[in-house]
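J.: Here it is, the structure in full.
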Amino acid sequence: MTTEARPWLRRGPSRVLSLLLAVPLALLLLIHPAAMLDAEGGYSHGLLMLVMWGICSGFVHGVGFDPYGRLWRAVFHPLGGWLLMGLGYGVLARALLL
């Protein structure tokens, strides 16, 4: 057993948070994508692409995968994923309130 301290982003609670944020958004986009439509019945491809990037980042971090390359670490960093998933929940809330 090692006594090395792991950063808080590599510990279990942060990984569970990533999965808890990613799974509902992914299921919603797969099962009922019309929930993301705005009042006019349209949606922003750019925003949804960012939301899906956040979902991917949440799954990558949530299952425990740590990329080796610096570029991939930056692309799938959990903090960025959490922000993008928060954007997804904001888009969903706006769509449901309109």
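J.: What angle do you read, to the nearest 10 degrees and between 0 and 90, between the alpha-carbon axis of helix 45-62 and the longest principal axis of the chain?
T.: In the chain, helix 45-62 runs at an angle near 30 degrees to the longest axis.
J.: Run through region 48-98 and list the chymotrypsin sites (Phe, Trp or Tyr not before Pro) located in a DSSP loop whose Cβ has at most 15 other Cβ atoms within 10 Å.
T.: When the chymotrypsin sites (Phe, Trp or Tyr not before Pro) of region 48-98 are filtered for loop state and at most 15 Cβ neighbours within 10 Å, Phe65, Tyr68 remain.
J.: So for the chain, averaging the separation of alpha carbon pairs under 8 Å that are six or more residues apart and normalising by length, what relative contact order in percent results?
T.: The normalised contact order for the chain reaches 37 percent.
J.: Which whole-Hz couplings ³J(HN,Hα) result when phi for each residue of region 64-69 is put into the Karplus expression 6.51 cos²θ - 1.76 cosθ + 1.60, θ = phi - 60°, listed in order with x for Gly and Pro?
T.: For region 64-69, the Karplus curve yields x, 7, 10, x, 7, x Hz.
J.: Tabulate in residue order the Karplus-calculated ³J(HN,Hα) for region 20-37, using 6.51 cos²θ - 1.76 cosθ + 1.60 with θ = phi - 60°, rounded to whole Hz; enter x for Gly and Pro.
T.: Karplus values, whole Hz, x for Gly and Pro: 5, 7, 7, 4, x, 5, 5, 5, 5, 5, 7, 8, 9, x, 5, 5, 8, 6.
J.: Counting helices only, and only those DSSP H runs with n ≥ 4, report the 222 nm mean residue ellipticity of the chain as the sum of -39,500 (n - 2.57) divided by its residues, in deg cm²/dmol to the nearest 500.
T.: Calculated at 222 nm, the ellipticity per residue is -21500 deg cm²/dmol.
J.: Just checking my list [x] 59; [y] 52; [z] 47 against percent of Cα pairs over 17 Å apart computed from this structure; which label fits?
T.: [y]
Every number in this text was worked out from the coordinates using simple rules, so none of it is lab data. None of these values were measured; they are calculated from a predicted model. Methodologically, a virtual Cβ is constructed for each residue, glycine included, from the backbone with ideal geometry; neighbour enumeration extends over all protein chains shown.
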